[in-house]
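The values are calculated or read from the model by the stated rules, or taken from the named source; none is laboratory data. All of these numbers come straight from a predicted model, not from anything done at the bench. For neighbour counting, all protein chains shown are included, and Cβ atoms are generated from backbone atoms with ideal geometry for every residue, glycine included.
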Amino acid sequence: MIKGNHTFKAGADIRRVRDDLLQGNNNAAAGQFYFEEVSTSAPGATAFNGATTGEANDMASILFDVPYKVGQDTNSTFPCYRQSWLFFFASDKWQVGQKLTVDLGLRWELYPPATPRKAGGFVNYNPTNNGLVIAGLDGNPSNIGLQTDYKNFAPRLGLSYRATEKTVLRAGFGISYVPFVDNSYAYNYPIKTSTGYTNTPTYGPALNPVGGVINFVTGIPATPTVTFPTSGTLIESAANGTIGLSNLLIPTNFKNAYVSSWNAAVQQSFSHNMTLQIAYVANHGTRIDVAQNINQPRIYGQSGTYDPFNVAFGKTASVTQYFLGFSSNYESLQVQFTRRYNNGLAFNSAFTWGKAQGYQTGAQDGNVLFWSGDLRRNYNLLDFDRKKNFEQTVTYELPAGRGHSLFNSGIGAYTLGGWKTSATIGMLSGLPFTVSNASSATPGTTQTANYNGSFQVNHSVTRAANTPWFNTSAFSAAPSCTAWTTAKPFPCVLGTSQRNQFRGPGYFSDNVSLFKNFPIYRESTLEARFDAFDMTNTPAFGLPNGTVGSNLGKITGTLGSGVGNVNGVASSRILEASVKISF
């Protein structure tokens, strides 16, 4: 609707989510046994104190049948997730004057709690009584009692001011909400039966809560078959065989994460169809989703004996909460210089200097690196952060064919005219990484190494020389830990280095193309292309080994190629010729 210098819009976007996904929560259906070197090494042993640990200890753990963790997943019911998303919005484009335009908007997002397709399709974990609550049966709500949040308001503001005929100033602000990541939900026993048995002494074997150890000889305990009582809540216990279940917890007061974004930019146009834009772009995430096993000690130095649910209920299996909410921040300076296609030439040069910080590891819904101690210690560069990013694209039409001085008629114009070449170049800073001890005294918390000096890069990736990429003398293993006990209630000392404090190798890519469209008949054309991907065959090295030991600092792989020879690349040079007919 247009009224005066206002243009109003309003509408709704209603969606129905139907997610039927059958996959295990933690382990393979056949069961999994996990081994590590510390199970057969002296506590605190590292390559720096003479009691070297390494692959031999891993093999010894297998040969001596000492797994530190055992688990198995079995599925009995096909999970069926149902949810409605309701979005309502209104906006006003206000032409304040000839130079100023203001965009105002408000969006309201409503996410009613999800329900299963059939009653009993969700089972949530109750951490207050170690119980499993089945949804939609025996008086329990089908939406697991999740509270509806009616306050998801997302305002929008945009400003555009034409200072001169060639200069425009722009600014904007907006809030965006994040739906629940629904691949995992309240799929606990008996929908998905996930058992988990761990070591409570840090260097011990996996233990059976009913007594004894679990290994190849004993096998994995049988999957529980107990039925739910008429109360709709099954209390886990060793007696009914459910105390070893690994559970998922959906907090009933869950609120959606949201991101506040803002930017300010100056755009300047020049002759020859060229423009320059300089912008400040930033955002702040609130309640960003982190999936975390909360059944782990909160004091560094405590073993699994002090898992909170082990202390309360004798439960050592994981309890992963979906989700804990943490903040994130991103700020950047972005510069872009563009030439629109004119006289056979077009290009775009873009540079970003930015910084992304947050708490979680990996992508969205990852966990934290340090669960014990001050959680603020997790706040640092995010795993995907690249400080500097330069991208260049160029397209150029060769000076041959009609309208050019060379081969401008006849068969020469048809075969040799109209060819274009393009090139793209990307140069990025390296990804961040953490330097840590080979083992940790507390499950769920990584022990970082001590940082003793200046971090210097040697740029060595020669496998034959067996040399590290950076000076490893700047690091040493954090001191060994004296286990926390009620008689000695003192946390262990943490390493002095921080999460993602250092950066790995940068990344360079270059692609070149030569192409032409040949007219065939009317609108039909034949496109011939010759492409060279990674033209200079420049290796894209992966991150160096960040574990204190004999391999610290060594690069043993490339990005995207998994492990292997360092002379490989993520995508080695590829030469490709192709023909495409369009009609």
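Here are a few things to note about the model shown:
- Between S405, S439, the distinction of being over 30 Å from Y330 (Cα atoms), hydroxyl-bearing (S, T, Y), in contact (Cβ under 8 Å) with a residue 12 or more places away in the chain and touching a Pro at 6+ places or on another chain (Cβ under 9 Å) belongs to S439 only.
- Residues (in a loop (DSSP other than H, G, I, E, B) and at pLDDT 80 or above) located in the stretch 544-570: P544, N545, G546, V548, G549, S550, N551, L552, G553, K554, I555, T556
- Residue in the stretch 214-223 that is outside any loop (DSSP other than H, G, I, E, B) and among the aliphatic types (A, V, I, L, M) present: no
- Strands (runs of 3 or more DSSP E) contained in the stretch 269-365 and holding at least 2 residues of a type in the set (F, W, Y): 319-342, 345-358
- Considering residues of the stretch 244-263 that are assigned to a strand (DSSP E or B) and either of a type in the set (A, V, I, L, M, F, W, C) or touching a Leu at 6+ places or on another chain (Cβ under 7 Å) (or both) only, the residue modelled with the lowest pLDDT: L245
- Sole exception among (1) charged (D, E, K, R); (2) crowded, with 18+ Cβ neighbours inside 10 Å; (3) in contact with an Asp or Glu (Cβ under 6 Å, 6 or more places away or on another chain) for E397, by number: (3)
- Verdict on A423 being of a type outside the set (S, T, Y), in contact (Cβ under 8 Å) with a residue 60 or more places away in the chain and part of a strand (DSSP E or B): yes
- Tally of residues being surrounded by 19 or more Cβ atoms within 10 Å (Cβ to Cβ) and in a loop (DSSP other than H, G, I, E, B) across the stretch 501-519: 2
- Filter result (over 19 Å from T286 (Cα atoms), surrounded by 17 or more Cβ atoms within 10 Å (Cβ to Cβ) and hydrophobic (A, V, I, L, M, F, W, C)) within the stretch 370-394: F370, W371
- Some residue of the stretch 150-157 being surrounded by fewer than 17 Cβ atoms within 10 Å (Cβ to Cβ), more than 27 Å from the chain's Cα centre (by Cα) and among the hydrophobic types (A, V, I, L, M, F, W, C): yes
- Looking across the stretch 168-197, the residues that are assigned to a loop (DSSP other than H, G, I, E, B) and either polar (S, T, N, Q) or more than 25 Å from the chain's Cα centre (by Cα) (or both) come down to N183, S184, N188, Y189, P190, I191.
- Yes/no for K355 being surrounded by fewer than 20 Cβ atoms within 10 Å (Cβ to Cβ), among the basic types (K, R), modelled with pLDDT of 95 or more and touching an Asp or Glu at 6+ places or on another chain (Cβ under 7 Å): yes
- Taking every residue in the stretch 98-124 that is over 30 Å from N5 (Cβ atoms) and pairing it with any residue that is of a type in the set (D, E) and in a strand (DSSP E or B), at least 6 positions away or on another chain, the pairs with Cβ-Cβ distances below 9 Å are A114/D19.
- Filter pass, N295 being under 30 Å from G211 (Cα atoms), modelled with pLDDT of 95 or more, in contact with a Phe, Trp or Tyr (Cβ under 7 Å, 6 or more places away or on another chain) and surrounded by 17 or more Cβ atoms within 10 Å (Cβ to Cβ): yes
- Of everything listed in (1) closer than 16 Å to D289 by Cβ; (2) at pLDDT 95 or above, the single unmet condition for F323 is (2).
- In the set (1) surrounded by 16 or more Cβ atoms within 10 Å (Cβ to Cβ); (2) more than 26 Å from V259 (Cβ to Cβ); (3) modelled with pLDDT under 95, the condition left unmet by G131 is number (3).
- Selection count where residues are within 23 Å of the chain's Cα centre (by Cα), assigned to a loop (DSSP other than H, G, I, E, B) and more than 25 Å from L333 (Cα to Cα), scope the stretch 374-402: 1
- G136 more than 28 Å from the chain's Cα centre (by Cα), buried (at least 17 other Cβ atoms within 10 Å of the Cβ) and free of Cβ contacts under 8 Å to residues at least 40 places away in the same chain: yes
- Scanning the stretch 520-530 for residues that are surrounded by 14 or more Cβ atoms within 10 Å (Cβ to Cβ) and of a type in the set (V, I, T) yields a total of 1.
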